[in-house]
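Read through the structure below, which is laid out as C-alpha cells, and then see the notes.
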C-alpha cells in the first residue's frame, strides 16, 4: 500500500491525544470547594488499575477513529505494477531555439540565454540528437541535426557552443510562431518519424509580449513534440520604447510640421517621466528642445515633436529617461510629396465656370503628400513634346489633332492613363485614334429628365473606394446629357458603369501597357452634376492612383522589411547607417538586408538625387512585458515549464500521475472515512452509556 | 467541658433534626425553635443590682453603701440590713461571629455559616428572653458589623439581619475582632466567639488573654462540618480553597491521615489555649442538634454560676 499524501500520516500521532486526555481526565476531573487547604498536602496523581481498565475500550475506539482518519487523509492506494519508463536511456531529439530578436539586447538577457542554451547542450547525452536554431524574424540554423550526427560526439557541444558564441541578438522582430513551426517540422520530419525517443523543443527566449504567434494559428502541432520553455528574465522591468506613428508627418496649424511618436511604457516599469527630442543619427543625446511626456506603466502616449527648423540633419527622435536603450530611438525621413503631372487637352478657358478645366484645377490642389500639376493645352494646337512626355495622366475633352492623338497614344502604350471625357460626339475620331481603331460611332443623347449612374462595378479600383454601402449611392448625380457609345464596337472595353438607360457611362479600354478611361459625359454643369458631387474628387484621385503615379516612394521601413527600389534605374549604391556601402546589381527591385535601424540612402549611377529611407525597429519589440505561457498552450502547443532536468522529472511526474489515477480509481479513503465514522458512532454510544452508568455515583462525598 | 462530652444527658430523640431546623428560612424562627423548651430560667445574672425584683437581705458590713440600707427592717429589728434586688439587664453578652468564606462550606445540605448564624441567633434570642443585653460583632479578615449590646426587640432583629448577611472576605483574622471587643466593651460581660478557627492561632491567645484579663467571660464555639472532620471525600479532585481560591490536587484517601492529624493538632492547640485561660470551648459539628449546644452552654453557665455563687459566699435570704 502506498500513500498519495503521506504527510497526513503524521496526523496518526494524534492517537496520543486520547491517551493523554484519558490520563489528564483522571487527574483533573473536577474541582471541589473546600473551606481551607491549610491542613492539606498535594497528592501525586494516582491511577488505579481499575479505572484504566474501565475506559480502555473507549480509548481504543478513539485511537482507532483518529488512526483511520489519518490514514484516510493520507489517501492510500494499492500500488499496481507500473511499466518502466520507456524513455529513460533512449535517444532524445531536441531542438534548442534561441531568441536573437531585438528585445534580447536588453541588459543581461543574451548572456543568460547563452548560458541556458549551453547548459542544455551539455546535458545532451551521446545518443541524443540536438539542433540549435537562432530565430528572430526568420530562423537561422546554427547547428543542424545533420551536423550533430556527422560531428564526433566529443566535439558536438563545443562546436555548437562556438556557433552560439558567434551569434548575437539582431534588431529584428520576434516571429516566435514561425520559429516554433520550423522547429516542430524539423522534429516531425520524415527522416525522424521512426525515432522512438521523446522529441522536444527547448525555447530559450525572453518571451516578450510582442512575440508574434500568428503562424501557429493555422498549424496543427505534431503529436509527441513537447515544448519546454526556459525563459530568460530581464534584470530590469523598466522599459519604455518609442514608435513612429504612421502618417505622422502632419502639419500643426500653429506650430508647423510635427512628427508624432508613441511612447510606450512597459507594465512593470518603474519610470514614468520621459523626454523626447530630435537628434542626429549618430549623436548620443538630444539636440535642442525636448518634449516632456508622462507615461504611467503599462500605458502609451502619443506626443507631437515639432520638426527641427534651425538645425539641419536631425533625423532621429530619441527617448530619454529609459533604462533599456535598444528601443529608444526612431529614425525619420520626411515623406516627399509625390509629383503628378496632368496634361489637360481641351479648348476651354481655365476661368470659365462652365468648363471642365475649371473644376479639374480646383479638385486637385497641391498637398504635402502630393503635388499635382495640371497643364492645360489647346487640343487643336500642336502639343509640345515635352508636355506629353512628362505627363502622367491625360485628360482629353475636345478633339485632338491626329499628331496630338498619336503622341498621346504612344504614351498610353508605354503605360500612361488617359481620361477621355468628350464634350460632344465630335470627339469620336480622337477616341478611335487613341485606341488605334479606324473609326468609332458616337451619338448624343439627352434624356427626357435626367440620367443616373447604374450598374457600377465596385470591384474595379476606380470605384473600389465607394464599395462601402455608405458611399455607394450615386443616384444623386444627375446627368442631363451624355454621349452614346457602343461598347461592343470597342474591342477589350470593360464597362465600369452604365446609365439607367443601359448605355455605357464609364468604360476602361486597355491599350498597350496603359489604358483609356472613357467617361461618356462631362462633369461640367452643362452635362451633369458630377463636378459638384462629393464623388468627384475621390474619383479623380482613384484615377491618378490607377495610373500608379500617385504613391510616393516609401521612406519608412521596419528592420527586415523589403524596401522597393523599383523607381530607380541603373546600378544602385546603397549606403548603410554605419557608413558602409553596398552596390546592388542592376535591375534590383528591392533591398531586403536592412540589418539594423538607421537612415539608409540609395544612389543610382545615373546621377539622380539619392533616395533616403529610414529603417526602424518593429514596434512589437517594444512590448517587453512577459508573454503568458498560456497563450502558447491556447494555440495547441503542449508547454512544459523547464525548471527541472527533464527526463527524471517527467518520469517522476508520470509516476505521480499514475499514483493519482490509481488512488482516484480505488478510493480507499472513502471506506476508511466511513469506518472512522462508524467507530466514532460506537464511541459516542459507549461514552454515553458509561457516563449514564457512572453519573449517580460521581461527585458525592462518601 | 466540651459539648460532646455531656450531650448524652439530653434525650436526642426528642430534638429537632438539624436538617429540618436548617430548612426554616427565617433565622429568628430557627432560633425560637431551638430555644423552645429551654425557658426555665436556668441561669442568673451574676450581678445584683437594684431593680424591681427583690432577691434577698444581707447584713450590713462597714463599707456598704448606706443608701441601700432597709430602714424599715432597721425600725423593726434595730439591725442594719442591705436589701438586694435581682438585676436582669446587667449581663452584657457579645456574640462574635465568623463570616469568612471558609464558613461557606457544607457537605450535608447547610453550610457552617448557616449553622453558626443559627447558633448565634439562638444564643441571642435566648439571652434576650432572659432579659440580657446582646451585642454582635461579625468579621472575616476585618470587622464587618458591630452592634453594641442592648436589650430591645428591634435590636434583636438587627442582630438577626446582620447574622443573615452572606459570607465574604478572603481570609480569617481571629485576633482583630477580639481586640476590638476588648477596646469597646469596658464592662464585664459574656463574649461568645463562633468560628471554625481555620486560621493561624498565633494572635488568638494574646487576644483571648486580653479579654480574660478584662474579666469577660468567654465562650468559644468551634463549628466544623462533618466532612472537614474526617476529610470524607471518595474521589480525588482539585480542592479549591474557599477563601484564597488556591487549588490543590488531593486524593482524600492518601491525604486523610495527615489531614486529620493536622486538624486534630490544631483543635488541640485551640483547646489548650482555652483551658489555659479558663475559657469554655465547644466543638460543634454541623450535623449536631443545636439544642445540645444550647444545653451544654447553659449547663456550663449554671455550673459556672454555682461556682461563682459559692465563691462569693452568699449569706442567704433574710426572713422578711
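Computed quantities for the displayed model
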quantity: Average projection area in nm² (convex hull over Cα atoms of the stretch A:148-189, one quarter of hull surface); calculated: 4.0
quantity: Estimated [θ] at 222 nm from DSSP helical runs (n ≥ 4, -39500 (n - 2.57)) normalised by residues in the protein assembly as shown, nearest 500; calculated: -9500 deg cm²/dmol
quantity: Cα centroid separation, the stretch B:109-129 to the stretch A:372-429 (Å); calculated: 146
quantity: Cα Rg, Dmax, the stretch A:338-546, angstrom units; calculated: 15.8, 45
quantity: Estimated FRET transfer efficiency (residue A:532, residue A:217; beta-carbon r; R0 41 Å; 0.05); calculated: 0.25
quantity: Cα long-axis angle, helix A:668-694 against chain A (0 to 90 degrees, to the nearest 10); calculated: 40
quantity: Theoretical gain in end-to-end length, residue A:185 to residue A:153 [0.36 nm per residue, Cα-Cα removed]; calculated: 9.1 nm
quantity: Cα-based helix-to-principal-axis angle, A:402-413 vs chain A, degrees rounded to 10; calculated: 20
quantity: Pair residue A:146, residue A:354: separation of 7 Å Cα→Cβ label points (nm); calculated: 8.0
quantity: Whole-angstrom Cα spans of chain A along principal axes, big to small; calculated: 145, 70, 60
quantity: Shielding score for B:225-235, defined as the mean number of other chain Cβ atoms within 10 Å; calculated: 4
quantity: The stretch A:240-330: relative contact order in percent, alpha carbon pairs under 8 Å with at least 6 residues between; calculated: 35
quantity: Estimated distance in nm for a label pair at residue B:74 and residue A:448, the labels positioned 7 Å out from Cα along Cα-to-Cβ; calculated: 18.0
quantity: Rg [Å, one decimal], Dmax [Å, integer] - the stretch B:147-304, C-alpha atoms; calculated: 17.5, 52
quantity: Burial ranking of peptide ranges A:376-385, B:105-114 (average Cβ count within 10 Å, highest at the top); calculated: B:105-114, A:376-385
quantity: Theoretical FRET efficiency, 1/(1+(r/R0)^6), r = Cβ-Cβ of residue A:10 and residue A:30, R0 35 Å, to 0.05; calculated: 0.55
quantity: Number of partner chain Cβ atoms within 10 Å, mean per residue of B:243-252; calculated: 5
quantity: FRET efficiency, 1/(1 + (r/R0)^6) with R0 30 Å, evaluated for residue B:186 and residue B:64 via beta carbons; calculated: 0.80
quantity: Peptides A:141-154, A:208-221 ordered by average Cβ neighbours within 10 Å, highest first; calculated: A:208-221, A:141-154
quantity: Reciprocal of mean inverse Cα separation for the stretch A:240-330 (Kirkwood radius, Å); calculated: 13.2
quantity: Descending Cα extents along the principal axes, the stretch A:337-404, whole Å; calculated: 37, 29, 12
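Values quoted throughout were computed directly from the atomic coordinates according to the rules given, and no laboratory measurement underlies them. In this text the structure is predicted, and so the values were computed from the model without any measurement. A quick note on method: Cβ atoms are made from the backbone with ideal geometry, for glycine too, and the neighbour counts reach across all protein chains shown.
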